[in-house]
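All remarks here apply to the structure that follows.
The values are calculated or read from the model by the stated rules, or taken from the named source; none is laboratory data. All values reported here derive from a predicted model rather than from experimental measurement. Here the Cβ positions follow ideal geometry from the backbone for every residue, glycine too, while neighbour counts run over all protein chains shown.
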Amino acid sequence: MEAKNLEKLENEMYVCIRCAYCFEECPVIRERGWDTDGARGKVMLSYGLMTGDLEATQEVADRLFQCTTCGDCMERCPSNVTVVDIIAAARADLVKAGFSSETHERVIQNVKDTGNIYGDTEGGIEGKEGDTPLFVGCQYQSRPNKTKKFIKILEKLGIDATISDEVCCGFPMEILGFVDDFDEHKERFKAAFPHGEAITMCPTCTVFLREGHDIEARHLLQAILEVLPQGDLGMKVTYHDPCDFSRGLKIIDEPREIIKRLGCELIEMESNKDGSACCGGGGGILMSDQELSDDISLYRIRQAVATGAEVLVTTCSTCETVLKKAAKTVAELGEDTITVRNIEDLIWKALK
Amino acid sequence: MDVDIERLRSIVGDENVSDRAFDLYVYSSDASVHQAKPDVVVRPGTTEEVQDIVRYANEKKIPIVPRGAGSGMSGHTVPIDGGIVLDMKRMDRIMDIKPEDVLVRVEAGVVNDDLNKALKPFGVFFPPTPSSGNICTIGGMIGTNASGNRAVKYGATRDSIMGMKVVMANGEALDLGSNTIVESAGYQLHRLIVGSEGTLGIVTEATLRLAPLPKFRMIGVVNFDRLEDAGNAISAIAASGVKPSMLELMDHVAIKAVNTALDMGLPDVEAIVMFECNGMAKDEVDRDMERVQEIFKEHNGSGIEVSDDPKEMARIYAGRKKLFPSLSRYKEGLVSTSLADDMAVPISQIAATIQKIHEIAENNGIIMSAYGHAGSGLIHTKILIDPSQQSQWDASAKAVDEVYKFIREVGGTTSGEHGIALSKAPAWKEEKADQLETMRAIKKALDPNNILNPHKLQDAPDDWVTATDLRYKVRG
């Protein structure tokens, strides 16, 4: 197998001293238990693929795709190894060599065909002119009711958004190993969203607009916090930090401020902030390994239930989706459960 | 090697046995420079399963290597002769917390920090505090007699082990030690097992002695223009009767590494010492901190800062905490290797040893930093090399030899807390030359077929560089 992407990160793989500190909260090794499942194991597999000591097979590829890219390992790593970059490079080389999952291929084809990861061509958000460019993102384009609510919240708070006929930011191409496709997609994105700055709805898009497109992106909760009045919801809530928020963007305090501003009592889960446990929805496993995704999300929902809060609030629609499913599963298992809401639901309720 | 995979599956279940190429590759190395593949990885869940596996291995003379987190730095879990790697992490039950007896019974795969989290509500803790406490297992700590930055006050793992269940090479499970604080005569075999690196038996359970959680804690930092003054101050503290809970030293290479990599602005001095005192009463902690500061001042320490505020304590300790990533990123192309990484010397020899380490590094054209738990005489080094160059390995091997020669001359020991295994075996065998045959006789008596982590410690190869493949690609 050619390992052109991994070769660029050879030194980074050497920086990994294989101490295993990344095991501490890695959701995959916690659920599956083999050293191969942890971040160190994946860095080793990547190194073996690069040197040729390890033959590229579908099984090796499957292991490298069994990662939510939540980045907890990078928070724990004493050498600050960019583990997710290494895993993404390994995936890129494996995809180039013909090892990918059918579900991932379908997502990428959807983006190519429709500009949206779900292949949705109807029901998106209509374009409009305003003062501030808003990047909606695939998740919210495909949940128009939710998104319209968010846009109304912005209007109520005096933020007039410009909405473009946008296409996917391209992050799935980058993280699922379709990097050549991203090179082509980048121009298409730029033509559809020709702004140098934007407010965004999805934490992952926020990170990728900054890193992949050099756009000065700011999540809309940051904008909302500046103008949100005091509410009196009086609910007892716990908050799940999406990985791209707390670890990617270091947005930790703002959602908590908003929750308190809405008049809610916040109870933290056992793991929180930049040490938050993963929801199980990222890195492509939601599509390629549903069982693993479910196991990871059950762990997180049980942490939420243990707080005794009425509602679990999050700020990412993927986290919301998988945690809602997990909440339903624990209820079906006869365990205590919890209501899961995206933060805009609470803001909407408070502003009404 | 001919290993009956089906038989192993019948013992622990299909899902807990792997001979898949990618698993064998991952289990072929740890945090050391070594690499050697096992034939199979097995994950037992009970002592009985370990017994069945060991009986089978003993019957067929198949090597068996127990492994916890695989965070060892000298090749403890690298299966030099292939065979079975026994991943013990499934055995992670905290079985019996007995605060009234100040002890706890755990399985070998329990992680140190998980244990302390479970003990916290009872107001007690397991005192050894290795930096790898977030992931290292009790079994691994017993295997290496691990300690950490609070060993200066609480001792090493051996000081907190009361008993254990051990599966011997014939498959028999022995209950060693007792549940009592004192135990009189007899061979006290549990103490022999501690530090034996899986070569005499496989620990499946342990009874650990606990300590009360200190209620008060203060941290401080002091700078020294001369390394010798820092060494003398640490000696004076050791002789003073004050028992700090931490005394950490960073040398000027370590300071430069932190400043270069992270621009932390640490003072440009020969040594920085971080210190901590803890206890159950505030006045006791205040008194100890005052006395420690007096001693530092008497030895020309300057720029002293102390605090009991959690944020300030974190800021003061940040330099030491950031040292690890700084060394890993000291210079593009250089990697941080764990060689000669944890020698211990009599406390009076700390400054001289660090000076000697710098001299040896310079003479051999490599970069070595020195830092560590100075209060217990323990010095960590990292050797920064380009691992693709054979000449760098040759220079490292020569430097390692010279460092250990000096350590022996000043009455020190090869490893203070990480263990011997492969990388340190040549030096350790010189240090313990008069005892090797006794050790081999013990090994032979307890493991006549030499199946338990063979060719480690006294039986390890004489050249660590060629003992196994190196896990780096050496090109020229």
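In this entry, B:Met250 is excluded by the filter for residues that are buried (at least 24 other Cβ atoms within 10 Å of the Cβ) and modelled with pLDDT of 95 or more. In the stretch A:20-29 there is at least one residue matching the filter, namely being assigned to a helix (DSSP H, G or I), free of Cβ contacts under 8 Å to residues at least 24 places away in the same chain and more than 7 Å from chain B (Cβ to nearest Cβ). Does at least one position in the stretch B:33-44 carry a residue that is more than 10 Å from chain A (Cβ to nearest Cβ), among the acidic types (Asp, Glu) and surrounded by 15 or more Cβ atoms within 10 Å (Cβ to Cβ)? Yes: one or more hits.
Inside the stretch B:66-91, can you point out the residues that are under 18 Å from B:Tyr56 (Cα atoms), away from every other protein chain (no Cβ under 11 Å) and among the β-branched types (Val, Ile, Thr)? Hit for the stretch B:66-91 is B:Ile84, nothing else.
Working only within the stretch A:1-17, note down all residues that are without any contact (Cβ under 8 Å) to a residue 60 or more places away in the chain and surrounded by 21 or more Cβ atoms within 10 Å (Cβ to Cβ). Matches in the stretch A:1-17: A:Tyr14 only. Right, B:Ser131: within 30 Å of B:Arg150 (Cα to Cα), modelled with pLDDT under 95 and either among the small types (Gly, Ala, Ser) or surrounded by 24 or more Cβ atoms within 10 Å (Cβ to Cβ) (or both) or not? So B:Ser131 fits the description; yes.
Please indicate, with yes or no, whether at least one residue in the stretch B:183-190 is more than 14 Å from every other protein chain (Cβ to nearest Cβ) and in a helix (DSSP H, G or I). Within the stretch B:183-190 (the criterion being more than 14 Å from every other protein chain (Cβ to nearest Cβ) and in a helix (DSSP H, G or I)), the answer is yes, since at least one residue qualifies.
Filtering the stretch A:6-19 to residues that are more than 8 Å from every other protein chain (Cβ to nearest Cβ) and in contact with a Lys or Arg (Cβ under 8 Å, 6 or more places away or on another chain) leaves only A:Cys16.
B:Asp114 satisfies every condition listed in (1) surrounded by fewer than 16 Cβ atoms within 10 Å (Cβ to Cβ); (2) over 29 Å from B:Glu59 (Cβ atoms) except (1). Remark: pairs (first residue in the stretch B:109-127, within 13 Å of chain A (Cβ to nearest Cβ); second residue assigned to a helix (DSSP H, G or I) and at pLDDT below 95; Cβ separation under 7 Å; 6+ apart in sequence or on different chains) = B:Asn112/B:Gly133; B:Asp113/B:Gly133; B:Asp113/B:Asn134.
B:Ala146 - would you say it is within 14 Å of another protein chain (Cβ to nearest Cβ), of a type in the set (A, V, I, L, M, F, W, C) and part of a loop (DSSP other than H, G, I, E, B)? Full working, then the answer.
Values: within 14 Å of another protein chain (Cβ to nearest Cβ): yes; of a type in the set (A, V, I, L, M, F, W, C): yes; part of a loop (DSSP other than H, G, I, E, B): yes.
Criteria met by B:Ala146.
At least 3 residues being free of Cβ contacts under 8 Å to residues at least 12 places away in the same chain and over 19 Å from A:Leu221 (Cβ atoms) is the threshold, and among the helices (runs of 4 or more DSSP H) wholly inside the stretch A:247-343 those reaching it are A:317-332. Residues in the stretch A:40-56 that are of a type outside the set (A, V, I, L, M, F, W, C) and crowded, with 17+ Cβ neighbours inside 10 Å were compared, and the one that is farthest from the chain's Cα centre (by Cα) is A:Asp53. Taking the criterion of being over 14 Å from the mean Cα position of the chain (by Cα), surrounded by fewer than 24 Cβ atoms within 10 Å (Cβ to Cβ) and within 20 Å of A:Arg143 (Cα to Cα), the residues of the stretch A:296-326 that qualify are A:Lys324, A:Lys325.
Out of the stretch B:445-470, which residues are closer than 16 Å to B:Leu192 by Cβ and either touching an Asp or Glu at 6+ places or on another chain (Cβ under 7 Å) or aromatic (Phe, Trp, Tyr) (or both)? I'd like the intermediate steps shown before the answer.
Going through the stretch B:445-470, the residues closer than 16 Å to B:Leu192 by Cβ turn out to be B:445-447, B:452-453, B:456-458.
Hits for the stretch B:445-470 are B:Asn453, B:Lys456, B:Leu457.
Please note which helices (runs of 4 or more DSSP H) are completely contained in the stretch B:261-364 and include at least 2 residues that are within 14 Å of another protein chain (Cβ to nearest Cβ). I'd like the intermediate steps shown before the answer.
Working: elements: B:282-298, B:310-321, B:323-328, B:350-363.
In the stretch B:261-364, the matching helices (runs of 4 or more DSSP H) lie at B:310-321, B:323-328.
Restricting the stretch A:54-71 to residues that are among the aliphatic types (A, V, I, L, M) and assigned to a loop (DSSP other than H, G, I, E, B), the residue that is farthest from the other protein chains (Cβ to nearest Cβ) is A:Ala56. Scanning the stretch B:244-260 for residues that are among the hydroxyl-bearing types (Ser, Thr, Tyr) and in a loop (DSSP other than H, G, I, E, B) yields a count of 1.
Among the numbered conditions (1) more than 18 Å from B:Pro79 (Cα to Cα); (2) more than 11 Å from chain A (Cβ to nearest Cβ), the only one that B:Asn16 does not meet is (2). Count of the stretch A:31-53 residues, restricted to those that are farther than 16 Å from A:Ser293 by Cα and either in a helix (DSSP H, G or I) or more than 8 Å from chain B (Cβ to nearest Cβ) (or both), is 16. Suppose the filter is out of contact with any Lys or Arg (no Cβ under 9 Å at 6 or more places or on another chain), at negative phi and among the hydroxyl-bearing types (Ser, Thr, Tyr); does B:Ser336 pass it? For B:Ser336, the condition - out of contact with any Lys or Arg (no Cβ under 9 Å at 6 or more places or on another chain), at negative phi and among the hydroxyl-bearing types (Ser, Thr, Tyr) - is not met.
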